[in-house]
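This report refers to the structure that appears directly beneath it.
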Amino acid sequence: MQLQCVTLANGVAMPQIGLGVYKVAAGDVCFGAVQAALRLGYRHIDTAAYYNNEADVGEAVRQSGIARSELFVTSKVWNCDHGFDKTLYAFDASMQKLQLDYLDLYLIHWPKDDNIGTWRAMERLLSEGRVRAIGVSNFKEHHIDELMQGATVAPMVNQVELHPLLQQPALRAYCKAHGIVVEAWSPLMRGRVFEWPLFAELGQKYGRTPAQIVLRWLVQSDIVVIPKSVHAARMQENADIFSFRLREEDMLTIAALDRGMRTGTDPDNVPF
Ligand code: NAD
């Protein structure tokens, strides 16, 4: 499997594709999925305290025999753990489950009331070397502006819902201007993106699957992707996107599909 990395603001290399494990059942299913992904050549796993499967991710990573320095593991602090002290406790709880010495990326899962207190804890973890990079998730421009008022270190990553039907051009331009890498969650729109025939048409043209066209469009736009699957064949398909390029005219045709259509929660109105 061919891998490609992006470089974060502090020089850390982040593999541009990872396996997402949201709604992957804890236990054998999650352990098996991560094990399969690592065997196929994935080196990046995206979990969260909220997903309740950090223990399985950690176990699969530890048992893989792959050097820890070759792997990139992300987790996230959940909404009820915002604030300086609670975030430090939540991080310890995540590491207790993961049983790893450090995390590669720790994210604030959603913007809530005490983003700055939470962020100060993230900065502390970074300065102590317990995480290699820190970032946010589901932050709009105004959330980042507000965070920066009390921050010493700028977020290195913003993980947001992003796919051809929700392209977020303004947020992407903002992140680019501030040196923040954009990471797409639900890059396949949770499977709904295939309802648009364009991806099958382009798939025919390039001899690729619709999923590969969508994921290629994202990585060719400098976005990190974390498609979820528990099936090895799909994982392999999803990762095989670095050996071809979409022509500019096709990049533009996909860009024209943007409808600002969310499948998930609007970060300005988080009810959980
Ligand atoms: P996704 O867009 O990755 O879609 C996953 C679904 O697409 C699968 O369940 C499967 O049905 C289908 N699929 C996968 N590969 C396919 C293929 N090759 N062909 C056909 N169908 C295929 O959706 P997601 O799981 O919501 O998002 C991916 C990851 O993003 C999550 O697992 C999680 O790690 C992360 N995420 C983060 C947040 C956040 O708030 N930060 C929110 C949601 C998801």
| message | With a cut-off of 8 Å between alpha carbons and a minimum separation of six or more residues, what is the relative contact order of the range 60-135 in percent? | response | 36 percent
| Per-residue ³J(HN,Hα) for the range 152-166, Karplus 6.51 cos²θ - 1.76 cosθ + 1.60, θ = phi - 60°, Hz, x for Gly and Pro | 9, 10, 7, x, 9, 9, 10, 9, 9, 5, 7, 7, x, 8, 9
| note | Under the helix-only model (-39500 (n - 2.57) for each DSSP H run of 4 or more, divided by the residues of the chain), the mean residue ellipticity at 222 nm, to 500 deg cm²/dmol, is -11500 deg cm²/dmol
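Using a Förster distance of 25 Å, how high is the FRET efficiency between Ala173 and Ser127, based on the Cβ-Cβ distance and rounded to 0.05?
Working from the Cβ atoms, E equals 0.25.
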| query | Given a Förster radius of 41 Å and the C-beta distance between Cys80 and Thr253 as r, what FRET efficiency does 1/(1 + (r/R0)^6) yield to the nearest 0.05? | reply | 0.45
| note | Of Ala26, Ala239, Ala177, the most mobile residue in a GNM of the chain (C-alpha springs, cutoff 10 Å) is Ala177
| Hey, in the GNM for the chain with a 10 angstrom Cα cutoff, which one of Ala37, Ala55, Ala200 fluctuates hardest? | Ala200
| Under a 5 Å amide H to amide H cut-off, with H placed in plane at 1.01 Å, what residues pair with Leu103 once short-range neighbours are removed? | Val131, Arg132
| message | Taking every DSSP beta bridge with both residues inside the chain, roughly what % is antiparallel (nearest 5)? | response | 15 percent
| remark: the chain accessible area per residue, 1.4 Å probe, protein heavy atoms, integer Å², reads 43 Å²
| Based on DSSP, what percent of beta bridges with both residues in the range 133-220 are antiparallel, to the nearest 5? | 10 percent
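Taking Cα atoms of the chain, Rg/Rh with Kirkwood Rh, to two decimals?
Using only Cα positions, Rg/Rh for the chain is 0.95.
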| message | From the alpha carbon gyration tensor of the range 219-259, can you work out the equivalent ellipsoid semi-axes (sqrt of 5 times each eigenvalue) and give them in Å, largest to smallest? | response | 23, 13, 9
| message | What is the percent carbon and sulfur in the accessible area of the chain, measuring with a 1.4 Å probe over the protein chains and ignoring ligands? | response | 48 percent
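The values are calculated or read from the model by the stated rules, or taken from the named source; none is laboratory data. Everything quoted here is computed from the prediction, not taken from an experiment. Cβ coordinates were reconstructed from backbone atoms using ideal geometry, including for glycine residues, and neighbour counts include every protein chain displayed. Side chains are part of the model used for accessible areas, which takes the heavy atoms of the whole protein and leaves out ligands, DNA and RNA. Shrake-Rupley method; radii C 1.70, N 1.55, O 1.52, S 1.80 Å.
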